[in-house]
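The values are calculated or read from the model by the stated rules, or taken from the named source; none is laboratory data. In this text, all values refer to a predicted model and were calculated from it rather than measured experimentally. Cβ placement follows ideal geometry from the backbone for every residue including glycine, while neighbour counts extend to all protein chains displayed. Protein only, heavy atoms only, side chains kept; ligands, DNA and RNA dropped before computing areas. Shrake-Rupley method; radii C 1.70, N 1.55, O 1.52, S 1.80 Å.
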Amino acid sequence: MKQIRCKMQSEQMRARIELASRIFCYVLSTILCFILALCTSLGPIFRDQDIKVHLGSITDFSWINALIFIAAFAVYATILWTIIYYGKHASFPKQYSRFGAWIKSIFRKKHKTNTEKTDKTVEKADKKTNEIKSENTATRKIKKHHTSAICRLIRNISKRFYNAALWFIKHSTRNRRNLFLTFFLGWIWAPVTLLAAYGADICSQIREYSWAWNQVTGLKQPYIGFFSFVPMDIYPTAHYLWPSKPTYLTDQHNIVLTVIYGATTAVSRYFTDSNDAGIILLAFIQFVFAAWCVAASANRFLNRPWLKIAQSPQTQQFQRTQQTQQTPMFARFAVLLMFLLSPLVVCSTIALTKSPLFAFAFLWWFGINYELSNAYSNTSNTYSTSSKTKQNCTKTNWHTVLELLISVCVMLIAAKYAWYILLIQCVLLFIFMRKRWRLWLCTILLPTIIIHGALLLLISSGAIINGDPIESRGVQLQQIARIAKLDPHSIPKSAKRIIAPIFNLDQTAEAYKPYDADPVKSSGLQSKKVSYRWRYVSRENISKLNIAWWQMVTHSPLVATDAFLAKSYGYFDIFDRPYVGPEYYIDTDNIRNSDWIRYWNPQFRTDFADSISTWSDIPVIGWPIHGNTFVIATLLIGVAEIILRRWRTVLWHMPLALLIGVMILAPANNFERHMLPIAFAFCFVALTFWRDTSTRTRYNGKECLELKAQDGREAYTAVCAK
């Protein structure tokens, strides 16, 4: 009786857990579809607004927006349901095939009715055509001979072209070396014709280093004062962060990159009296680094070289089943097409801003995580249980560890938010992959602590100036500015008293742009309007900003909600065009004012940027080069993975979710460069989803029974169990 009661209780517990998991899946999928549909329906309101006349608001939501919401919700729900169905069954729903057959039947019926109507007229015309046919049989035979020869020639040419394309795709993606050469040669036209792409960031970094070098050489320069204007005032950096001893290097754009860029251009000025040669050299180095990162990750996802490690006789069956899952030729072609032709990738290879460098390093790190989480985790899934096999599977190559360490370091020096992502991911790895805690400690945690700790030490010693924390308050800045512009009477006096030393509310209201927080924090040149009082604000004032912000939001929640949605909806609205696209850095004012880069193919540079902008503006056709397309698709696949309970894949896809959070907190709406890591990794996310689907359906099919007969119950339960 006790055993029966225990079984009943366990079954009830399983039923409750199963019910709770189903409810969670329904809620999660509903929330995602709701967010995507809401942003899509609000897009027309915020895109058509006029800043001077009327700012769009959720109160302008009409029945047209409601119809857009319903249609978008239905579309996204259908797409998500299709992905989940495919993930379970490795095939598309039967309804799609029935729908296709129904459409074909409609066309067939139309064709039949047309033929029935024309039967009588055909009979009358047959007599005349027979007479004509008898006269022209000789000429038709001659024409038929010529046309058949032409058809054979075209068929042979197309067949040879197809075989050549297959050979190229197969051999260009066969190993890392071939992939590197393919990307290097496929992108080489960009640095040759454009030399480099950059904006205001690198110019400010060069300026900071130049002022710091002038200080070393003994040149007197202004520092803090009402009439002084130094590089740190451009963004700006609050004066309370400046040490009393003059210094001109800041961590605004990451100090390591500032030193590298500034030193390279300083050497260039020494030999050529211009920064341009150094900028071109930096762009070419980043170009080579990008080719290496993409080739390394593509090799890991397409070829999975770690499968060659286990070569013992006991793992031959394992090798045979893994070889049946070779990457299809279509996936290889899609990867080449994406990385060779997409402007998101090509323009980023020579764009000297921090985001592209971080994106390529992140892609490299992402591929290494895939190898570590899949290559050597097959110990429990190996058909043989020999100790040699397990040692071969769990052994980590030294070059993989070295690549992981370098990629982490590059990410840390490229973007300041990288240490948040790495730290959170490291904690998750320590929890769910404890067996490799030494690897995570040495390659992720220690580099993060050392680099970030060294940066904090330099800041505390006064050697460099810390970046202004106002940069990470994009949502708060937009809400404060919108309330000051549209609802100033709702601001409490206590909030005005707290915020007065930090912001000039009149200038803040005038500087407000719904899609960009930079004007609110006074970023720009000397002629800017002072909204953010960076010269006079103190640390105590900033510490009270959250109190004033919360009072303003609670007294005007509708305007604050509008500010948040207007700043972030574009990341999840597939119809929204990027605020700053990849073509921006190709043809900027900084390039037009350069010494001699501006004279290198200026017309081609302008035409190339204009062509990308024109392509981006075309509805639907421009979606493949929009970053938010990949963000939406990644979210749909990620939720499908959670619903399908692919927890190991979800674990190493977590950084993508963290990056989406970074995008929402960024100063601008639908800023393309913040979405580059997700766009670069999407092909491999989709490939992993397909591979996991095919693996699980194969193991849950007939092959499980064969494994049970060959390798015994232990291997069967390890591999075939869900």
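Filter segment 485-509 for residues that are outside any helix (DSSP H, G or I) and within 17 Å of E540 (Cβ to Cβ) and give the result.
Scanning segment 485-509 gives A500, P501, I502, F503.
Criterion first (at pLDDT 90 or above and open to solvent by 30 Å² or more (accessible area, probe 1.4 Å)) does F333 satisfy it?
Criteria met by F333.
Quick check: is even one residue across segment 548-565 among the acidic types (D, E), out of contact with any helix residue (DSSP H, G or I) (no Cβ under 7 Å at 6 or more places or on another chain) and closer than 28 Å to F46 by Cα?
No; the residues of segment 548-565 include none that is among the acidic types (D, E), out of contact with any helix residue (DSSP H, G or I) (no Cβ under 7 Å at 6 or more places or on another chain) and closer than 28 Å to F46 by Cα.
Please go through segment 664-674 and pick out each residue that is assigned to a helix (DSSP H, G or I) and surrounded by 22 or more Cβ atoms within 10 Å (Cβ to Cβ).
E672, R673, H674
Looking at segment 397-418, which of its residues are among the hydroxyl-bearing types (S, T, Y) and touching a residue at least 40 places away in the same chain (Cβ under 8 Å)?
The answer is S407, Y417.
Let's see how each residue does on (1) modelled with pLDDT under 80; (2) more than 27 Å from I637 (Cβ to Cβ); (3) assigned to a helix (DSSP H, G or I):
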position: K7; (1), (2), (3): yes, yes, yes
position: Y26; (1), (2), (3): no, no, yes
position: F34; (1), (2), (3): no, no, yes
position: L38; (1), (2), (3): no, no, yes
position: L42; (1), (2), (3): no, no, yes
position: I45; (1), (2), (3): no, yes, yes
position: G56; (1), (2), (3): no, yes, no
position: T59; (1), (2), (3): no, yes, yes
position: L67; (1), (2), (3): no, yes, yes
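Among the residues of segment 72-85, which ones are open to solvent by 50 Å² or more (accessible area, probe 1.4 Å) and among the hydroxyl-bearing types (S, T, Y)?
Residues satisfying the conditions are T78, Y85.
Can you find even one residue in segment 478-494 that is without any contact (Cβ under 8 Å) to a residue 12 or more places away in the chain and out of contact with any helix residue (DSSP H, G or I) (no Cβ under 9 Å at 6 or more places or on another chain)?
yes
What number goes with the only condition from (1) of a type in the set (F, W, Y); (2) crowded, with 20+ Cβ neighbours inside 10 Å; (3) without any contact (Cβ under 8 Å) to a residue 12 or more places away in the chain that W440 does not pass?
Status for W440: all satisfied but (3).
Looking at L185, L181, L166, can you tell me which residue is exposed (fewer than 15 other Cβ atoms within 10 Å of the Cβ), of a type in the set (A, V, I, L, M) and touching a residue at least 40 places away in the same chain (Cβ under 8 Å)?
L166
Mind checking which residues of segment 479-510 are among the basic types (K, R) and open to solvent by 20 Å² or more (accessible area, probe 1.4 Å)?
Within segment 479-510, K485, K493, K496, R497 meet the criteria.
Considering only residues that are under 17 Å from C203 (Cβ atoms), open to solvent by 20 Å² or more (accessible area, probe 1.4 Å) and touching a strand residue (DSSP E or B) at 6+ places or on another chain (Cβ under 8 Å), which ones fall in segment 238-279?
The answer is L249, and nothing else.
Within segment 188-228, can you find the residues that are among the hydroxyl-bearing types (S, T, Y) and open to solvent by less than 50 Å² (accessible area, probe 1.4 Å)?
If the condition is that a residue be among the hydroxyl-bearing types (S, T, Y) and open to solvent by less than 50 Å² (accessible area, probe 1.4 Å), then T193, Y198, S204, Y209, S210, Y223, S228 are the ones that fit.
Within segment 535-552, can you find the residues that are surrounded by 20 or more Cβ atoms within 10 Å (Cβ to Cβ) and assigned to a helix (DSSP H, G or I)?
L545, A548, W549, M552 - these are the residues of segment 535-552 that are surrounded by 20 or more Cβ atoms within 10 Å (Cβ to Cβ) and assigned to a helix (DSSP H, G or I).
T649 is checked against (1) over 17 Å from Q425 (Cβ atoms); (2) in contact with a helix residue (DSSP H, G or I) (Cβ under 9 Å, 6 or more places away or on another chain) and fails just one. What number does that condition carry?
In the conditions (1) over 17 Å from Q425 (Cβ atoms); (2) in contact with a helix residue (DSSP H, G or I) (Cβ under 9 Å, 6 or more places away or on another chain), T649 misses (1) alone.
Taking the stated definitions as given, is Y376 at pLDDT 90 or above and surrounded by fewer than 23 Cβ atoms within 10 Å (Cβ to Cβ)?
It is false that Y376 is at pLDDT 90 or above and surrounded by fewer than 23 Cβ atoms within 10 Å (Cβ to Cβ).
State which residue pairs qualify: first residue closer than 12 Å to A190 by Cβ and in contact (Cβ under 8 Å) with a residue 12 or more places away in the chain and inside segment 601-614, second residue assigned to a helix (DSSP H, G or I) and open to solvent by 60 Å² or more (accessible area, probe 1.4 Å) in any location, beta carbons under 9 Å apart, and separation of 6 or more residues or different chains.
Hits for this filter: R605/R598.
List the pairs whose first member sits in segment 226-249 and is closer than 14 Å to Y536 by Cα and of a type in the set (G, A, S), whose second member is open to solvent by 30 Å² or more (accessible area, probe 1.4 Å) and not in a loop (DSSP other than H, G, I, E, B), and whose Cβ atoms are under 9 Å apart, counting only residues at least 6 apart or on separate chains?
The qualifying pairs are A238/P469; A238/R539.
Conditions: (1) surrounded by fewer than 20 Cβ atoms within 10 Å (Cβ to Cβ); (2) farther than 23 Å from L665 by Cα; (3) not small (G, A, S). N466 meets all but one. Number of the miss?
Exception for N466: condition (2).
Mind listing whichever residues of segment 511-534 are open to solvent by less than 10 Å² (accessible area, probe 1.4 Å) and out of contact with any Ser or Thr (no Cβ under 8 Å at 6 or more places or on another chain)?
Result: Y512, P514, A517.
State yes or no: is L446 open to solvent by 50 Å² or more (accessible area, probe 1.4 Å), assigned to a helix (DSSP H, G or I), modelled with pLDDT of 90 or more and within 29 Å of H674 (Cβ to Cβ)?
In short, yes.
If you check T173 against the conditions, is it crowded, with 20+ Cβ neighbours inside 10 Å, out of contact with any Lys or Arg (no Cβ under 9 Å at 6 or more places or on another chain) and in contact (Cβ under 8 Å) with a residue 12 or more places away in the chain?
When the stated conditions are applied, T173 does not pass them.
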